[in-house]
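What follows is a single structure, written as structure tokens, with notes after it.
The values are calculated or read from the model by the stated rules, or taken from the named source; none is laboratory data. Worth saying up front: this structure is predicted, and the values here are computed from it rather than measured. Don't worry about glycine lacking a Cβ; one is built from the backbone with ideal geometry, like all the others, and counts go over all protein chains shown. Surface accessibility is based on the protein's heavy atoms, side chains included, excluding ligands, DNA and RNA. Shrake-Rupley method; radii C 1.70, N 1.55, O 1.52, S 1.80 Å.
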Amino acid sequence: MFIIIGIMFAGMLLGFLLRKQRLSWIHKVITVFIWLLLFLLGIDVGSNQEIINGSHTIGLEAVILTLAAVLGSVTAAWALWYMVYKRNRRSEA
């Protein structure tokens with residue numbers, strides 16, 4: 001755990017020291033590393049027999065969580081829109 005935190009702080013320090021440099025290529029490098037990490041994660045999940053055997057249960061839970069998150073977001077966005085619209089309507093009157 002301390003190694004991970006140390007690596008994170010080393011990256012933050014390096015970013016702070018190089019903040020004035022033009023690093024336009026760094027986004028491509030980060031994207032490639034993210035793809036690599038996702039690929040390796042897929043290999044790890046695919047080789048885990050417990051996850052593969054329980055994928056129907058995990059899939060159902062994922063669908064339920066996704067639908068709940070989307071419903072909550074839509075409800076919150078609608079409530080915010082309603083409050084802002086109602087406030088603007090009062091100020092116009």
Can you list the helices (runs of 4 or more DSSP H) found entirely within segment 1-55 that contain at least 3 residues being modelled with pLDDT of 90 or more? 2-17, 26-47
If you go through segment 5-21 one residue at a time, do you hit one that is among the polar types (S, T, N, Q) and surrounded by 10 or more Cβ atoms within 10 Å (Cβ to Cβ)? no
Tell me whether segment 79-91 contains one or more residues that are open to solvent by less than 100 Å² (accessible area, probe 1.4 Å), of a type in the set (A, V, I, L, M) and at pLDDT below 95. yes
